[in-house]
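Since the structure comes first, as structure tokens, the remarks are kept for the end.
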Amino acid sequence: MSGADRGILTVVSGFAGSGKGTVMKKLIQDHAEYALSVSATSRAPREGEKEGVSYFFKTRDEFEEMIRKDEFLEYAEYVGNYYGTPADFVYRMMDEGKDVILEIELQGAMQVKKKYPEAVLVFLTPPDANTLYARLKGRGTETDEVIAKRMRRAAEEASLLDGYDYIVVNDEVDLCAERIHGIIKAAHHSVKHEKALIDSLTEELRDINL
Ligand code: 5GP
């Protein structure tokens, strides 16, 4: 399949509290052409989360069994729990020409980049640290201890953003979703996605009879 027909793989990461979940929901709502990958995790479901929609919820043993069977495109341990992207869905959708979005943390994003260098890596950030803290606190779903852990993690992550292609400020949800949409649209024309086109052009130009 040529690069032009294959879907784009986009990785969206962001600090916990960057509003990623809301932005992703808006993006998918407005652009049904995107397939959002559903991750597996060993973390307990939060109130309102649905099996197979928010995550595939697994025990640590079940998750480790999936690791052994090499079922993940990437996986990582984040604040004491496993998170991973089942590979099957991602490759199937991309082969069907769908643009696939993974909403994953930094270690996983770097694994994807290594395995699949054509992936587009986007990092989402709130405008400043105070907004981040206020969002985490306001969510009311985590203890102060977990919030503190997540803020420390954000400080570490901020120094590791060089591996990403784009950074998008989430000041307003609709705008932010459109910025990501714009990035994915542009990626369809990127040289790294159009390798097959470039190869065939090069060959045609070399072989043309004048
Ligand atoms: P939460 O527990 O708040 O749902 O997610 C915690 C972090 O795990 C978020 O940064 C989220 O993006 C990340 N995450 C969710 N699914 C995956 C996954 O499949 N792989 C990796 N590496 N991170 C994930």
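A few notes on this one:
- The portion of the accessible surface of the chain made up by carbon and sulfur, rounded to a whole percent, is 53 (1.4 Å probe; DNA, RNA and ligands excluded).
- For the range 58-125, alpha-carbon Rg and Dmax in angstrom: 12.5, 35
- 3J(HN,Hα) from dihedral phi, the range 61-71, Karplus parametrisation 6.51/-1.76/1.60, rounded to Hz, x for glycine, proline: 4, 4, 4, 5, 5, 5, 4, 4, 7, 6, 8
- Residue with peak Gaussian network fluctuation, the chain [Cα springs, cutoff 10 Å], from I198, I101, I67: I198
- Largest-first ordering by accessible area, 1.4 Å probe, given options S13, S200: S200, S13
- Heavy-atom SASA rank of V168, V38 (probe 1.4 Å, accessible area, largest first): V38, V168
- Volume per residue of the C-alpha convex hull in the range 1-141, rounded to whole Å³: 123 Å³
- Neighbours of E96, meaning other residues whose beta-carbon lies under 13 angstrom from its beta-carbon, give a summed charge of -2 when Lys and Arg score +1 and Asp and Glu score -1.
- Dividing the summed -39500 (n - 2.57) terms of all DSSP H runs of n ≥ 4 by the residue count of the chain sets its mean residue ellipticity at 222 nm at -13500 deg cm²/dmol.
- Relative to the longest principal axis of the Cα atoms of the chain, helix 129-139 runs at roughly 70 degrees.
- Only protein heavy atoms count here; under a 1.4 Å probe, K192 has an accessible surface of about 80 Å².
- Comparing G48, G182, G19 in a Gaussian network model of the chain, where Cα atoms under 10 Å apart are tied by springs, the biggest mean-square fluctuation is seen for G48.
- Mean accessible surface per residue for the chain, computed with a 1.4 Å probe while every protein chain stays in place, in Å²: 55 Å²
- Of all beta bridges that DSSP places with both ends in the range 41-170, some 55 percent have antiparallel geometry.
- Acute angle (nearest 10 degrees) that the helix 144-158 long axis makes with the longest principal axis of the chain, alpha-carbon atoms: 30 degrees
- Only the Cβ atoms of Lys and Arg (+1) and of Asp and Glu (-1) were treated as charged; on that basis the dipole of the range 93-210 about its Cα centre amounts to roughly 440 debye.
- Inter-label distance, E77 to E65: 2.1 nm, where each label sits 7 Å from its Cα along the C-beta direction.
- Angle between the chain longest axis and helix 195-207 axis [Cα atoms, degrees, rounded to 10]: 10 degrees
- As a calculated quantity, the FRET efficiency between A158 and I28 at R0 = 30 Å, using C-beta atoms, amounts to about 0.65.
The values are calculated or read from the model by the stated rules, or taken from the named source; none is laboratory data. None of these values were measured; they are calculated from a predicted model. A quick note on method: Cβ atoms are made from the backbone with ideal geometry, for glycine too, and the neighbour counts reach across all protein chains shown. To get the accessible areas, we keep the full protein, side chains included, count just its heavy atoms, and leave off ligands, DNA and RNA. Shrake-Rupley method; radii C 1.70, N 1.55, O 1.52, S 1.80 Å.
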